[in-house]
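Quick notes on the structure that follows.
The values are calculated or read from the model by the stated rules, or taken from the named source; none is laboratory data. As the structure is a prediction and not an experimental result, all values here were calculated from the model. Positions of Cβ are backbone-derived with ideal geometry, glycine not excepted, and every protein chain shown enters the neighbour counts. Accessible surface areas use protein heavy atoms only, side chains included; no ligands, DNA or RNA. Shrake-Rupley method; radii C 1.70, N 1.55, O 1.52, S 1.80 Å.
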Amino acid sequence: MASADETGPITGSGDRFIEIWNLVFMQFELKDDGSFIPLPQQSIDTGMGLERISSVILGVQDGYATDLFKPTLDKLSELTELPYQGSKSVPQRIIADHIRSVSFAIADGISPANDGAGYVVKMLIRRALRQAYLLGIKEPILYKLVPQVVKAMGEAYPDFARQERYVASVIEHEEKQFLRTLEAGMTRVEKLFAEIKADQGNPEKLLSGELAFDLWQTYGFPLDITLDMAEEQGITVDKAGYQVARAKARELSRAESDKGALFGDADMLDKLLSDFPISYFEGYESLMAEVSILGILKAGQLVDSAQEGDEVDIILDRTPFYAESGGQIGDQGLLYSEEGRGIVLDTQKNKEGIFRHRTKVTEGHLKVGDSLSATVDLDRLETAKHHSATHLLHQALRDILGEHVAQAGSLVEPKRLRFDFSHPKALDADQVAQIEHAVNRWIQADKAISWKNMLLAEARKTGAMMLFGEKYGDVVRVVSMGSEGDYISRELCGGIHVERTGNIGMMMIESEEAVSAGIRRIEALVGQAAIDSIQHMRAMNSHLAKQLNTKVGDIPERVERLQQDYKASQREIAQLREKLAAVQTATQSGGGAEVKEAGGFRYSSLKLEALDSVALRNAADSLLQKTKADVVALASGGALVVKVSKEAEGRGAHAGNIIRELAARADGKGGGRPDMAQAGVKDEQKIPQALAALGDILNNLS
């Protein structure tokens, strides 16, 4: 496709021709010595994207001039008041490209985060924001472009169009977060670059890796943003040093998280387990099995046996114990034979699928080669109920909040479940009630729960829900709730489940809260845990009703009356304190508060009794007006208050400064505004002498 410039050969470096299609023949691997080694799988790669095809069909210069990007670029020009000038408008192109990418990613359930796919989304938003910053925009702007992306892509992707408001809200939230630190970060970067340019001892104009990493760690500047900014200033960044600094930080973090772990070095553990076969798990069918010990790990070493009192990791030839994964905790239980007995405290597995049973030997001894009986604790049944309820909860969230909801983490235990999910704001009480109602309706419907192993491609065709970023094998386990043609939920899951939704019993949502930007968390109880919670609340209500001398059903009305009575009592007490303060100020010093003079200021100070801070402040106001003094200092209990008139403020009296000196004389601290300040003191016995020093303090002001 030829451009307007008709000069230059087709193989030249100019812009006369634009490549729309290329073929790469991948046949050999080029070695360092220049030799060619045939590839085991030779292929042809076709480079021809949608934007290239569109630009040819529409007869425009490049993909940015097509209907895929033009609405976004037009809107951006309107918002920035800067015209789009084709290839010269690099920041606009970056923004348009990045906003499309992050919009689709967020619609697919990937929220900005500090790791995984969420990290990529966060970095794309920040890189686009930095380009907007270069255009002079210092407020959220990217979220305003989402409707234009929908305009361009929504017809082809209706699910994406339906999530327009959600996507925009997530992006706006992330923009606001980053812009809080961007200004300070930009100032730091500009200062660093100026120092590097002025440093005669740094002829290479090199930004160290440690400083580049500090920009990320402190200000959230990813390396690619730092590289862009450095290139604009003719500065080189030590990328290798950045990776070293990053690795050190990770190692420090890993060391902290590994404290107390039996095996802090995962690589060492994998080496120790490398000769063992993959564990055969038969816990889907039974909670009991006859097993043999293949290996025992003690203090990071393989041993032949474990004695009473030892805590070891045991590898079995087969196991009914579920190893922690997919949010479900590892099973506990017993291993026993005539020679020994052990309590299984936890079950874990490595990435190869070799199970480790953390076991406390309680009787006799266990040794390699022993045949044992293995029994899983019945708590597993409660865990299964919570796991099945988690699937129902996930579906209810999607039905009620929207299809943008995606699992962002979970924990399944015998006595609770925790479910993290993508959503931009807190749930209101009605939404929580709707979600709880939907799950319990499905539970009461007593739908069948089934599971089937199938090829990953086949599972995709069924529409089974998959976790983004999760690595699946060729064969996966699909858990279905409901019957053919009327499924409530279908998810890829290797966890333990009950056979029917009715086995769950019921579900109660205990709490809903924020975990991080765009991620919410629900904690809930099901089965026996929910029943225990209800019984506990019922006992509390009975106790409360007895204390309030009323019926359980009348508690709300009784509490409301008590609150009204309490507020009335507080008002009455406040009025009595005001009267008490007035009486005390009127009767002290022969019928009225004594007014003295020091440093050109008229002042009065009194120690009163039984006043709270509110009454003390009001008394100081009243005394200031009645005496026409410039400064008033009052004390009651361990509290001090100083009030200063407007006229005295103009002559240099400052209540905050005065009270700091007064409080210090009674082992206290305080501060405040020029006209009013408060303090608390530790030694009430010193208050009289502190108040007596007010004159000296005022003399020092002159």
**Asked** Take the residues of the stretch 290-319 that are more than 13 Å from K367 (Cβ to Cβ), out of contact with any Ser or Thr (no Cβ under 8 Å at 6 or more places or on another chain) and not in a loop (DSSP other than H, G, I, E, B): which is modelled with the highest pLDDT?
**Response** L297
**Message:** Exactly one of these conditions fails for N453: (1) surrounded by fewer than 13 Cβ atoms within 10 Å (Cβ to Cβ); (2) at positive phi; (3) part of a strand (DSSP E or B). Give me its number.
**Reply:** (2)
**Request:** Check D446 against each of (1) at pLDDT 95 or above; (2) open to solvent by 30 Å² or more (accessible area, probe 1.4 Å); (3) within 32 Å of the chain's Cα centre (by Cα); (4) not hydroxyl-bearing (S, T, Y) and name the one condition it does not meet.
**Result:** (3)
**Request:** Please tell me if E458 is without any contact (Cβ under 8 Å) to a residue 40 or more places away in the chain, open to solvent by 20 Å² or more (accessible area, probe 1.4 Å), charged (D, E, K, R) and not in a loop (DSSP other than H, G, I, E, B).
**Result:** yes
**Request:** Identify the single condition in (1) assigned to a strand (DSSP E or B); (2) touching a helix residue (DSSP H, G or I) at 6+ places or on another chain (Cβ under 8 Å) that E352 does not satisfy, given that it satisfies every other one.
**Result:** (1)
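Across the stretch 491-508, which residue is modelled with the highest pLDDT among those that are part of a strand (DSSP E or B) and surrounded by 19 or more Cβ atoms within 10 Å (Cβ to Cβ)?
Among residues in the stretch 491-508 that are part of a strand (DSSP E or B) and surrounded by 19 or more Cβ atoms within 10 Å (Cβ to Cβ), the one modelled with the highest pLDDT is M507.
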**Fill in**
Of the residues in the stretch 320-342 that are part of a strand (DSSP E or B) and within 36 Å of the chain's Cα centre (by Cα), the one that is nearest to H391 (Cα to Cα) is Q328
**Item:** Residues of the stretch 672-690 classified as open to solvent by less than 10 Å² (accessible area, probe 1.4 Å) and in contact (Cβ under 8 Å) with a residue 40 or more places away in the chain, total
**Value:** 2
**Request:** Consider R521 carefully, then state whether it is basic (K, R) and either touching a Cys at 6+ places or on another chain (Cβ under 9 Å) or under 17 Å from L393 (Cβ atoms) (or both).
**Result:** yes
**Item:** Which numbered condition A426 misses (of (1) under 24 Å from A107 (Cα atoms); (2) of a type in the set (G, A, S); (3) crowded, with 19+ Cβ neighbours inside 10 Å)
**Value:** (3)
**Request:** Scan the stretch 616-634 and give yes if some residue there is small (G, A, S), over 19 Å from I687 (Cβ atoms) and touching a residue at least 40 places away in the same chain (Cβ under 8 Å), otherwise no.
**Result:** yes
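Each row is one residue, and each column tells you yes or no for (1) open to solvent by 10 Å² or more (accessible area, probe 1.4 Å); (2) without any contact (Cβ under 8 Å) to a residue 60 or more places away in the chain; (3) of a type in the set (D, E, K, R).
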residue	(1), (2), (3)
L316	no, yes, no
L334	yes, yes, no
E338	yes, yes, yes
T362	yes, yes, no
G369	yes, no, no
**Message:** L608 - would you say it is surrounded by fewer than 24 Cβ atoms within 10 Å (Cβ to Cβ), under 16 Å from A586 (Cβ atoms) and either among the aliphatic types (A, V, I, L, M) or at pLDDT 90 or above (or both)?
**Reply:** yes
**Complete:** Only unsatisfied item for G600, checking (1) open to solvent by 60 Å² or more (accessible area, probe 1.4 Å); (2) modelled with pLDDT of 90 or more; (3) on the phi > 0 side of the Ramachandran plot, is (1)
**Message:** Please pick out the residue among K669, K643 that is open to solvent by less than 60 Å² (accessible area, probe 1.4 Å), closer than 28 Å to I573 by Cα and among the charged types (D, E, K, R).
**Reply:** K643
**Message:** So in the stretch 206-233, with the set limited to residues that are over 21 Å from L124 (Cβ atoms) and outside any helix (DSSP H, G or I), which one is least open to solvent (accessible area, probe 1.4 Å)?
**Reply:** L207
**Prompt:** Going through the stretch 511-562 one residue at a time, which ones are surrounded by 15 or more Cβ atoms within 10 Å (Cβ to Cβ), of a type in the set (K, R) and not in a helix (DSSP H, G or I)?
**Reply:** R520, R521
**Asked** Hey, among V102, V121, V90, which residue is open to solvent by 50 Å² or more (accessible area, probe 1.4 Å), at pLDDT 85 or above and among the β-branched types (V, I, T)?
**Response** V90
**Request:** For the stretch 55-86, name all the residues that are touching a Lys or Arg at 6+ places or on another chain (Cβ under 8 Å) and at pLDDT below 85.
**Result:** G63
**Item:** Top-ranked residue in the stretch 646-666 [being closer than 16 Å to A693 by Cβ and of a type in the set (D, E, K, R); ranked as most open to solvent (accessible area, probe 1.4 Å)]
**Value:** R660
**Hey, L334 among the hydrophobic types (A, V, I, L, M, F, W, C) and at pLDDT 95 or above or not** = yes
